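This report concerns only the one structure given below.
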Amino acid sequence: MEIFYARIGYSNIVLLKNGETAILIETGVKGNLNHIIRFLKHKNVVPADIKLIVLTHTHHDHTGNLHELVKLTGAPVLVHQNEFENLKNGFTPIPKGMGFYTRFVSRLGSIVIPRFASPKAFEAQIINENEYNLNPFGIDAKIISTPGHTNGSQSVLVGDTLVAGDTFLNLSNGIIFPHFCNEPSTLLKTWEMLFNSGIKTVIPGHGKPFALEKAVPEFEKWKRKIK
Ligand SMILES: [Zn+2]
């Protein structure tokens, strides 16, 4: 099986490919459908090869192009049960900011543009209640619940690689702990669980893949701050 990722707008999408079967994780920032189609072509994937679309959570920058990709591939969409309603209603609250500036942006945004973080409404066909095995789709991987960034955040575990959505970032300014986060203390518990899961590599929602151990100092820092 092969894992590929591409930056679509400022968010990553990930393709899990096994011969002529593939799963797409995330659908990027809206307005980038052609970029995604080029990426698939480059990886020798035709739209009908995609048997499932997985969303790590329902923020707009991970769910752009969703309707177009569903139409193109015919694939069902899988979300966590705690995000299902958000996607169905096209409303996901703006997460809390973790710093002075991001807190300001989050509060102001919630008043001025409450739908800022929201996806375009879509009713997902498949719900993950906690864990979800992807083997029936021809891909040796499983979805695990990784709450914190949002309480319905989920990640895909492929061997010792974690496709993490916004459970981890890897920004050029050094940020790994998401600067917008609904439940910071829950996220720290999730990180702790992941540190004990034999994971080596993380493909974050934003930024390049990195070795999980890089997140340990941030974990210690936020643990001191949040408790
Ligand atoms: Zn997010």
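The values are calculated or read from the model by the stated rules, or taken from the named source; none is laboratory data. Everything quoted here is computed from the prediction, not taken from an experiment. Counting neighbours? That spans all protein chains shown, and the Cβs are built from the backbone with ideal geometry, glycine included.
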Exercise. Report whether or not H62 is in a helix (DSSP H, G or I), touching a strand residue (DSSP E or B) at 6+ places or on another chain (Cβ under 9 Å) and within 30 Å of S110 (Cβ to Cβ).
Key: yes
Self-check item: Pairs, first surrounded by 12 or more Cβ atoms within 10 Å (Cβ to Cβ) in region 192-211, second modelled with pLDDT of 95 or more and of a type in the set (K, R), C-beta under 9 Å, six or more apart
Solution: V202/K214; H206/R7; G207/R7; K208/R7
Practice problem: Find the residue count for region 126-177, including only residues that are loosely packed, with under 13 Cβ neighbours inside 10 Å and small (G, A, S). | Solution: 2
Quiz item: Do you know which residues across region 37-64 are touching a residue at least 60 places away in the same chain (Cβ under 8 Å) and either away from the ligand (no atom under 16 Å from the Cβ) or closer than 24 Å to D140 by Cβ (or both)?
Solution: K51, L52, V54, L55, T56, H57, H62
Practice problem: Note down all Cβ pairs under 8 Å where the first residue falls in region 113-131 and is among the aliphatic types (A, V, I, L, M), the second is away from the ligand (no atom under 15 Å from the Cβ) and assigned to a loop (DSSP other than H, G, I, E, B), and they're at least six residues apart or on different chains. | Solution: A121/G90; A124/P76; I126/P76
Practice problem: For T186, work out the one condition from (1) in contact with a Gly (Cβ under 6 Å, 6 or more places away or on another chain); (2) in contact (Cβ under 8 Å) with a residue 40 or more places away in the chain it doesn't fulfil. | Solution: (2)
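Return the total of residues in region 185-208 being in contact with a Phe, Trp or Tyr (Cβ under 8 Å, 6 or more places away or on another chain) and either within 14 Å of the ligand (Cβ to nearest atom) or assigned to a strand (DSSP E or B) (or both).
First, pick out the residues of region 185-208 that are in contact with a Phe, Trp or Tyr (Cβ under 8 Å, 6 or more places away or on another chain): 187-188, 191-192, 195, 201-206.
When the remaining residues are screened for being either within 14 Å of the ligand (Cβ to nearest atom) or assigned to a strand (DSSP E or B) (or both), the result is 187, 201-206.
Total meeting the criteria: 7.
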Exercise. State whether the residues of region 174-184 include one that is under 22 Å from F84 (Cα atoms), touching a strand residue (DSSP E or B) at 6+ places or on another chain (Cβ under 9 Å) and in a strand (DSSP E or B).
Key: yes
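So, of the residues in region 1-59 that are hydroxyl-bearing (S, T, Y), under 11 Å from the mean Cα position of the chain (by Cα) and in a loop (DSSP other than H, G, I, E, B), which turns out to be nearest to R115 (Cα to Cα)?
Restricting attention to region 1-59, the residues satisfying the condition of being hydroxyl-bearing (S, T, Y) are 5, 10-11, 21, 27, 56, 58.
Right, trim to under 11 Å from the mean Cα position of the chain (by Cα) and you get 11, 27, 56, 58.
From the residues that got through so far, the ones that are in a loop (DSSP other than H, G, I, E, B) too are 27, 56, 58.
Working: T27: 19, T56: 19, T58: 12 Å.
If we take residues in region 1-59 being hydroxyl-bearing (S, T, Y), under 11 Å from the mean Cα position of the chain (by Cα) and in a loop (DSSP other than H, G, I, E, B), then T58 is nearest to R115 (Cα to Cα).
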Quiz item: All but one of (1) free of Cβ contacts under 8 Å to residues at least 24 places away in the same chain; (2) part of a strand (DSSP E or B) hold for R107; which doesn't?
Solution: (2)
Self-check item: Subset tally (residues that are farther than 21 Å from P184 by Cα and among the small types (G, A, S)) for region 92-125
Solution: 2
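State whether the residues of region 183-191 include one that is in contact with an Asp or Glu (Cβ under 8 Å, 6 or more places away or on another chain), closer than 27 Å to P209 by Cα and surrounded by 21 or more Cβ atoms within 10 Å (Cβ to Cβ).
No, because not a single residue in region 183-191 is in contact with an Asp or Glu (Cβ under 8 Å, 6 or more places away or on another chain), closer than 27 Å to P209 by Cα and surrounded by 21 or more Cβ atoms within 10 Å (Cβ to Cβ).
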Practice problem: Return the pairs, sorted by first residue and then second, in which the second residue is acidic (D, E), the first residue lies in region 65-94 and is free of Cβ contacts under 8 Å to residues at least 40 places away in the same chain, the beta carbons are less than 6 Å apart, and the residues are 6+ apart or on different chains. | Solution: K88/E123
Practice problem: Would you check if there is a residue in region 153-172 being over 28 Å from P76 (Cβ atoms) and not hydrophobic (A, V, I, L, M, F, W, C)? | Solution: yes
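Could you count how many residues in region 140-165 are away from the ligand (no atom under 15 Å from the Cβ) and part of a strand (DSSP E or B)?
9
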Exercise. Being surrounded by fewer than 16 Cβ atoms within 10 Å (Cβ to Cβ) and of a type outside the set (S, T, N, Q) is the filter; apply it to region 38-66 and report the residue that is farthest from P76 (Cα to Cα).
Key: H42
